[in-house]
Structure formats: C-alpha cells, structure tokens
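Engineer: Below is one structure. I have some questions about it.
The values are calculated or read from the model by the stated rules, or taken from the named source; none is laboratory data. Note that this is a predicted model, so its numbers are computed, not measured. Backbone-built Cβ (ideal geometry, glycine too); neighbour counts: all protein chains shown.
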Amino acid sequence: MPRAAIFDIDGTLVDSVDLHAIAWHEALVRFGHKVTFEHVRRQIGKGGDQLIPVFLSEAEQRDHGAEMERWRGERFKSKYLPLVRPFSAVPDLLRCVRDSDLKIAVASSARKSELEVYLDIAGITDLVDVAISSEDAGRSKPAPDIFQVALETLGLVGSEAVAIGDTPYDAEAAQRAGIPTIGMLCGGFTEADLRRSGCVSVYPGPGALLACFGASPLGQSKRG
C-alpha cells in the first residue's frame, strides 16, 4: 500500500508545458540554433542540465550554454509565468490524497522560485508536505535524483510511494528510484509514450484521477 504521492507539477498540476517550450525555442533561436518548436516541446519535462545537451554541442555549451539558460529563465519569468494556470480539480485531488492518509510531495525540475509560484497558482501550498526542486538535487529528470531526495525527505523507499507525472521523463526518473508512476495526458504526451516509459496507469488529468481515485494505484491505501 502506498504511503505517499509524489507529484510533478509542470504539465501535471499546472498548464505550463507549451509556455516552457516557447521560451526554450525562443532562447535557442536567439542564440543561433535552428530547431523546431515540436522538437523542443518533446524535451520539456527535463531540467536545463538535461535539455541543453540535446541541442548544443559540448563546445557550444561552454561558449553560451549558461548565458542562454539565464536568458530563457528571465524570458519565462517575465513573459510566460504570469500566464500559467492550474488544471481543474487540483486542490480537490490533493485533499482526497490527504484524506487517504498519504503524505504529499512535489518533485519538480523547476527552480525553487518557480515551484513556489506554481504551488500558489494551483492553490496547494498548504496541502504539500515536501517540495523538491531541481536545486535540491544533482541532476534533473530523467535522472532519479529529484525523486530520491523526495523519498529521503519523506523517510520512505520507492515501493511506498506513487509518482504522478505527465512526461516519459517523470516515469523514467521515478522508475529508476523504484517508484511506480501514474501518467497524465494533460501535458501533451500520448498514452503510448507514457506506457512505454513505465507508467502503470494513465488518466486524462487531475480531475479524471480524482473521479477514479478509488480504483487508482493511490486508492489502494483506502482499499487496504
């Protein structure tokens, strides 16, 4: 039976994936890289440490990788962060999780300052027991570090938690930390993408997971 739910937030609890993709695409083009928006969007869910090497050579990373990431961060914060909105039923879902005697963690590749804003936008700041950002771990998703830090902070092992995320990178990272994953389609990846990456079940979004909570991997706590 699970003892904790560990949520991703971008694309899982708040609608931000396209906004991140736009900011990264603008940054890459500004610094001279010819890439498509679609290619960039497929990489959202990774932190900058994992995303940038997909598009920049080692020499390019040394030359302007850090500067490009700073520009992207400022661009997103000033232009796109104010446009982020929560998906429906997010606070209700987390209250249902708490009513099932599960701890709640958020484990995100976002920076701490962004994560705090997301929690406020989603109206769940007071419902979260543990919030782990990319700055709390060595590597971002799909590396397992962020989930491992969440488990250590909760005092649990992977089999005692369930992860909830919208990208293959969430599922890959959680799987490496020994955590089963529920996939969410609201981030734009297909069910096939999520299943191939190891998701044990897939739902359209937070509202659907809430409606089917008792039959979900999280609902095992109530059934137990």
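Engineer: Right, ARG72: out of contact with any strand residue (DSSP E or B) (no Cβ under 9 Å at 6 or more places or on another chain), surrounded by fewer than 19 Cβ atoms within 10 Å (Cβ to Cβ), outside the structural domain of PRO144 (by TED's automatic domain parsing) and at pLDDT 95 or above or not?
Structural biologist: Values: out of contact with any strand residue (DSSP E or B) (no Cβ under 9 Å at 6 or more places or on another chain): yes; surrounded by fewer than 19 Cβ atoms within 10 Å (Cβ to Cβ): no; outside the structural domain of PRO144 (by TED's automatic domain parsing): yes; at pLDDT 95 or above: yes.
The answer is no for ARG72.
Engineer: Any idea how many residues of segment 75-100 are outside any helix (DSSP H, G or I) and either small (Gly, Ala, Ser) or at pLDDT below 95 (or both)?
Structural biologist: Residues of segment 75-100 outside any helix (DSSP H, G or I): 84-89, 100.
Checking the rest, the ones that are also either small (Gly, Ala, Ser) or at pLDDT below 95 (or both) come to 88-89, 100.
Qualifying residue count for the region: 3.
Engineer: Exactly one of (1) closer than 29 Å to ILE52 by Cα; (2) modelled with pLDDT of 95 or more; (3) not aliphatic (A, V, I, L, M) is unmet by PRO142. Its number?
Structural biologist: The single condition PRO142 does not satisfy is (2).
Engineer: Working carefully through the options PRO53, PRO86, find the one that is within 30 Å of LEU156 (Cα to Cα) and either touching a residue at least 12 places away in the same chain (Cβ under 8 Å) or not acidic (Asp, Glu) (or both).
Structural biologist: Values: PRO53 fails: within 30 Å of LEU156 (Cα to Cα).
Matching residue, one of PRO53, PRO86: PRO86.
Engineer: Can you give me the number of residues within segment 9-36 that are over 24 Å from ALA89 (Cβ atoms) and surrounded by 15 or more Cβ atoms within 10 Å (Cβ to Cβ)? Give the steps one after another, and end with the answer.
Structural biologist: Initial filter on segment 9-36 (over 24 Å from ALA89 (Cβ atoms)): 21-36.
Add one more test, that the residue is surrounded by 15 or more Cβ atoms within 10 Å (Cβ to Cβ), and what stays is 21-28, 31, 33.
Counting residues in segment 9-36 that are over 24 Å from ALA89 (Cβ atoms) and surrounded by 15 or more Cβ atoms within 10 Å (Cβ to Cβ) gives 10.
Engineer: I've got another one for you. Please find, within segment 84-119, the residue that is surrounded by the fewest Cβ atoms within 10 Å (Cβ to Cβ) out of those that are over 14 Å from the mean Cα position of the chain (by Cα) and polar (S, T, N, Q).
Structural biologist: Filtering segment 84-119 for residues that are over 14 Å from the mean Cα position of the chain (by Cα) and polar (S, T, N, Q), the one surrounded by the fewest Cβ atoms within 10 Å (Cβ to Cβ) comes out as SER113.
Engineer: Also, quick follow-up: Go through (1) touching a residue at least 24 places away in the same chain (Cβ under 8 Å); (2) in a helix (DSSP H, G or I) for VAL162 and report which single condition fails.
Structural biologist: (2)
Engineer: Could you list all residues from segment 132-159 that are assigned to a helix (DSSP H, G or I) and crowded, with 23+ Cβ neighbours inside 10 Å?
Structural biologist: Those that are assigned to a helix (DSSP H, G or I) and crowded, with 23+ Cβ neighbours inside 10 Å: SER134, ILE146, PHE147, ALA150, LEU151.
Engineer: Moving on to the next point. Being within 30 Å of ASP99 (Cβ to Cβ) and in a loop (DSSP other than H, G, I, E, B) is the filter here; which residues of segment 1-49 pass it?
Structural biologist: First pass over segment 1-49, keeping only residues within 30 Å of ASP99 (Cβ to Cβ): 1-17, 45.
Hits for segment 1-49 are MET1, PRO2, ARG3, ASP8, ILE9, GLY11, THR12, LEU13, SER16, GLY45.
Engineer: Follow-up. Would you point out which residue out of ILE124, ILE179, ILE164 is over 13 Å from the mean Cα position of the chain (by Cα) and within 20 Å of GLN220 (Cβ to Cβ)? If you could, list the steps in order and put the result at the bottom.
Structural biologist: Values: ILE124 fails: within 20 Å of GLN220 (Cβ to Cβ); ILE164 fails: over 13 Å from the mean Cα position of the chain (by Cα).
That would be ILE179, the only listed residue that is over 13 Å from the mean Cα position of the chain (by Cα) and within 20 Å of GLN220 (Cβ to Cβ).
Engineer: Same structure again: Would you point out which residue out of VAL29, VAL14, VAL35 is at pLDDT 95 or above and within 22 Å of GLY183 (Cβ to Cβ)?
Structural biologist: Numbers: VAL29 fails: within 22 Å of GLY183 (Cβ to Cβ); VAL35 fails: within 22 Å of GLY183 (Cβ to Cβ).
Going through VAL29, VAL14, VAL35 in turn, the sole match is VAL14.
Engineer: A further question on this structure: I'm trying to understand the selection: among the residues of segment 172-207, which are closer than 21 Å to SER108 by Cβ and assigned to a helix (DSSP H, G or I)?
Structural biologist: GLU172, ALA173, ALA174, GLN175, ARG176, LEU185, CYS186, GLY187, ASP193, LEU194, PRO206, GLY207, listed by residue number.
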